Amino acid sequence: MKTTQNHQDYYEIRVAGHLPGQWSDWFEDMTIIPADNGDTLITGHVIDQSALHGLLKKVRDLGLPLVAVNQVQFQESRNNLIRNGEKMNGSEITKGKMDTKVLLSTLWIVVMINMLMADILSLNIPGALDELTRTAGRTPIPLLMLGGAIMMEVSIVMIILSRILNYGVNRWANIITSIVTIAFVLGGAAAYPHYIFIATVESICLFLIIWHAWQWRNVEA
């Protein structure tokens, strides 16, 4: 039998400090939104008092300072969501929406793996090393390899930095590093079909990093 939700069963749990939106699954799909005063609202439908006590226990287990627990009307809860903003850490607070830091880090993982694939496949082509020697000119091959290794390490480091840097530094680190990496990818382009394909994938990911970092707006900033 189909049941309807009672609007009186909507609760807002207010805790001190900001809580990342990806914790919504931990709180049984409750909506997590940042308040203007630095608190976090955990809001949504609660089926009964037992479920409410379970949510409060999770708040306690996480060591979150509990500020208030309020039973609200559905429309009031919705208005609070709109009033406090539907963004957190640069990404919309909707179920399943990836946090911007996680998205940037994931894109860097894709870039790093593709760079590695390009090098491995290229070195397995007969005569590839001789062609590299010709195109390098007077630049020593070990020096070129060092440059490639540095760019690879930069991609690996950005996987971590995208998750831990604060908002302002994070945005610009991703934008600047992506531009430099695009120049490296295009500057070292080879005529091999596999390299063209992989370089295209890398460039798309890097442009996405630039786009998302540029569009990133953090209410905590």
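Each value in this text was obtained by applying a stated rule to the coordinates, not by laboratory testing. In this text, all values refer to a predicted model and were calculated from it rather than measured experimentally. Here the Cβ positions follow ideal geometry from the backbone for every residue, glycine too, while neighbour counts run over all protein chains shown.
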Output row, site VAL102, 7 Å Cα→C-beta label point, backbone N cut-off 17 Å, window region 149-190, residues 159-165
Taking placed amide H atoms and a strict 5 Å upper bound, the residues 5 or more places from VAL67 or on another chain that come that close are ARG14, VAL15, ALA16
With label points set 7 Å from each Cα along the Cα-to-Cβ direction at VAL157 and ALA51, the distance between them in nm comes to 4.8 nm
A chain fully extended from HIS194 to ILE150 at 0.36 nm per residue, minus the present Cα-Cα distance, gains in nm 13.6 nm
If R0 = 35 Å, then LEU116 and ARG217, at their Cβ-Cβ distance, give a FRET efficiency to the nearest 0.05 of 0.60
Plugging the Cβ-Cβ distance of VAL169 and VAL201 into 1/(1 + (r/R0)^6) at R0 = 25 Å yields, to the nearest 0.05, a FRET efficiency of 0.40
